1. Out of all the residues in segment 249-259, which are surrounded by fewer than 21 Cβ atoms within 10 Å (Cβ to Cβ) and outside any loop (DSSP other than H, G, I, E, B)?
2. With the condition kept exactly as written, say whether any residue in segment 351-359 is surrounded by fewer than 16 Cβ atoms within 10 Å (Cβ to Cβ) and over 24 Å from the mean Cα position of the chain (by Cα).
3. Please specify each residue of segment 260-284 satisfying the condition of being surrounded by 15 or more Cβ atoms within 10 Å (Cβ to Cβ), touching a strand residue (DSSP E or B) at 6+ places or on another chain (Cβ under 7 Å) and more than 17 Å from residue 299 (Cβ to Cβ).
4. Which of the residues belonging to segment 199-227 are in contact with a helix residue (DSSP H, G or I) (Cβ under 7 Å, 6 or more places away or on another chain) and crowded, with 20+ Cβ neighbours inside 10 Å?
5. Considering only segment 419-445, state which residues are free of Cβ contacts under 8 Å to residues at least 60 places away in the same chain and within 23 Å of residue 136 (Cβ to Cβ).
6. If we only count strands (runs of 3 or more DSSP E) wholly inside segment 288-346, which ones have 3 or more residues that are in contact (Cβ under 8 Å) with a residue 40 or more places away in the chain and touching a strand residue (DSSP E or B) at 6+ places or on another chain (Cβ under 6 Å)?
7. Regarding segment 70-83, can at least one residue be identified that is surrounded by 13 or more Cβ atoms within 10 Å (Cβ to Cβ), under 30 Å from residue 196 (Cα atoms) and in contact (Cβ under 8 Å) with a residue 12 or more places away in the chain?
């Protein structure tokens, strides 16, 4: 039996006003159902709709499984003339696809773009594939998140070099927070484990002021992330931060959303979104990307799954990665002589910063703190669960990833049930017994962006 899908055809033309100049893309963008392993070619007509001679015409690349076969179009197109563009659709798996055919031209130093939405469905003549999209919210304690060489997975060496401001930073921090706290059921993130081969596909629409996402998920800068594998069971953290993690075990990638919510039509909208390779390093270079300030869904531009504490780790009695913390006094600049067009951070792991303080007594985002490894934890009277976290803070430390009202550690949101984290929830209150005076700040690789 063939798997059935619906077909959607959209046409959008975006052009800034220009006297008697324009372009249109004609043709049916609905490729319909195509058996996996076969292909279908559709011809589109590119028309100059005005009396102005169009120059500098380009056809940007299109995402697989579409490809351009041939074209009669050149870099110029006379008034009221047309050319042909042949597009091939060759699905590789059974699911729905969507993309956009784009044609650009430049006139008087201004670029214009015409878009043609294309859709298609990969089908099979045999029975539909058997498998589950939603695999729950649990992965084994030893599940590898990021590569072994990632900063998130490195044990701090003996006698690491400290920040020259370590003592001043920690003394200052103690004036703002009474100890280590935890976000467990709110202001953190749920993690949905999925197999994207069997997931329905939904779009995620930007609700940010600029209408864009980071280029890892929004390369064409239209504010729409198409064909995201989205289980119907997905939900985001109920706070205004609305974080959510989709961990795809088949593709070994993580999708992360911020300020996310599900729409009535089944699609999603979010203020931020990013994608990370589970076998990658778990960070990107400081201030990298055209819209570097949109990297990640956390203030420091880091992956949310980095440093997230999972229940399986507490149950196993060991955490094998660096933690993530937020602090209330994050440093934007050391001195403040660069004006508000200057950003400073520690890389790795930060690629962005939402800090606002000026002075060496504040901690930069991306900085790594460590609980004194010589501290005898048995003297603190910690519960078993809190001791697991404390040991990780001694061996791996924690990266400062965001602003927060206290020094906050982050645990996987398992849902609204008060029993979701039992029997560990009550035990984690003992984290406040860890003295802040026993923390130190490691020396970081400071990166600076100064706007002129």
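1. Our first condition is that a residue be surrounded by fewer than 21 Cβ atoms within 10 Å (Cβ to Cβ); within segment 249-259, this holds for 249-253, 259.
Listed by number, the list holds a single entry, 253.
2. no
3. 261, 262, 267, 268, 269, 275, 277, 278, listed by residue number.
4. 213, 214
5. 419, 422, 423
6. Details: elements: 323-327, 330-333, 342-346.
Fully inside segment 288-346 and qualifying: 323-327, 342-346.
7. Residues of segment 70-83 surrounded by 13 or more Cβ atoms within 10 Å (Cβ to Cβ): 71, 73, 76-77, 79, 82-83.
Still in the running and under 30 Å from residue 196 (Cα atoms): none.
Checked segment 70-83: no residue is surrounded by 13 or more Cβ atoms within 10 Å (Cβ to Cβ), under 30 Å from residue 196 (Cα atoms) and in contact (Cβ under 8 Å) with a residue 12 or more places away in the chain.
Per-residue answers, yes or no, for (1) outside any strand (DSSP E or B); (2) farther than 24 Å from residue 256 by Cα; (3) assigned by TED's automatic domain parsing to the domain that holds residue 402:
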site: 100; (1), (2), (3): no, no, no
site: 103; (1), (2), (3): no, yes, no
site: 131; (1), (2), (3): yes, no, no
site: 159; (1), (2), (3): yes, yes, yes
site: 164; (1), (2), (3): yes, yes, yes
site: 170; (1), (2), (3): yes, yes, yes
site: 176; (1), (2), (3): yes, yes, yes
site: 185; (1), (2), (3): yes, no, yes
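The values are calculated or read from the model by the stated rules, or taken from the named source; none is laboratory data. Please read these numbers as outputs of a predicted model, since none were measured by experiment. Methodologically, a virtual Cβ is constructed for each residue, glycine included, from the backbone with ideal geometry; neighbour enumeration extends over all protein chains shown.
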